[in-house]
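See structure below.
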Amino acid sequence: MSPGRHIAISSALNDFSSVIARWIVEERHAGRVLYAGGDDLMAMLPTTDLLSAMRALRLAYSGDAGAGEDGDTHWLGSGFVRRKGRIHLCMGGRATASMGAVVVHHQTPLLAALEELRAAEKRAKNEGGRDAFSLSVLKRSGGALRHTASWSSAAEDNADEMTVLRELAKDLRENPEASRRAAYNVENWLTDLPEPASLGGGDGVREYLEAVLHHQFQRQGLEDKGQPIHSRRLAKLGTRDPVSDETPQEAKAIRERIANLTGIAEFFARETRS
């Protein structure tokens, strides 16, 4: 690596941690940065802001305008941003970023929360292909929901997986009756999911899942007949390994992936979490 490139990377990482990340976490969202140095960041956010902040941080790391703007901040393209009159260099579109997040009750021991957070970050790097996020929701009852996905993993309509999660949570929040049953019912619906090979592999599995989920989501008022928005997205994302992009060979892996994704969306849909 040339000295000039090394200086540019160091400058971009320093600007991200000292300026851009703090702006996103503490000004655009109601969070607090606990530590920021280079490409390492630790922050605390309310559940209402967590998913939005994660997505904005990932986009800002690469200098993507999708991270949002305000009166003091404008994205200039090609990995540059103007913040309060100063030009900052970002890492660019080819940069990768792994992010782990854990949601815990305020009475959860700090050491337990940190241990789960480190595990989530490790899953994002190892199971998600180093450009991914991993979410953990630790329930007070002792159970846990965990979901790992690539940032670039797209559903049928090219919505990225974080967007799919946020929009499903939004619709569940607007339909409280469905929200309370969603995760439990999805897991029950998929109990008898046939093995992928018996359905003809990837396309057959997706078509089966979409039909089953759409039928049930219609009954709960989450989808209109003939408009399988969430069911089609879940069917595609649930049958895609975040690293290999291939359909898992076992029904159990597909069932757990969809159940965890839906369960996490249902958790974020609860108004009591605000």
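Just the residues that are touching a helix residue (DSSP H, G or I) at 6+ places or on another chain (Cβ under 7 Å), modelled with pLDDT of 90 or more and not in a helix (DSSP H, G or I), please, taken from the stretch 1-58. The answer is His29, Ala30, Gly31, Arg32, Val33, Ala36, Leu41, Ala43, Leu45.
Going by the conditions given, is Val212 surrounded by fewer than 20 Cβ atoms within 10 Å (Cβ to Cβ), modelled with pLDDT of 85 or more and assigned to a helix (DSSP H, G or I)? Here the answer is yes, as Val212 does meet what is asked.
Among the residues making up the stretch 15-46, those that are more than 22 Å from Val104 (Cα to Cα) and touching a Gly at 6+ places or on another chain (Cβ under 7 Å) are Ser17, Arg28.
Determine whether Ala183 is at pLDDT below 85, outside the structural domain of Leu50 (by TED's automatic domain parsing) and touching a strand residue (DSSP E or B) at 6+ places or on another chain (Cβ under 9 Å). Spelling it out, Ala183 is indeed at pLDDT below 85, outside the structural domain of Leu50 (by TED's automatic domain parsing) and touching a strand residue (DSSP E or B) at 6+ places or on another chain (Cβ under 9 Å).
Being over 22 Å from Arg5 (Cα atoms), outside the structural domain of Ala269 (by TED's automatic domain parsing) and out of contact with any helix residue (DSSP H, G or I) (no Cβ under 7 Å at 6 or more places or on another chain) is a property that His147 lacks.
The values are calculated or read from the model by the stated rules, or taken from the named source; none is laboratory data. What you see is a predicted model; the values in this text were computed from it and never measured. Note that we place each Cβ from the backbone using ideal geometry, even for glycine, and neighbour counts take in every protein chain shown.
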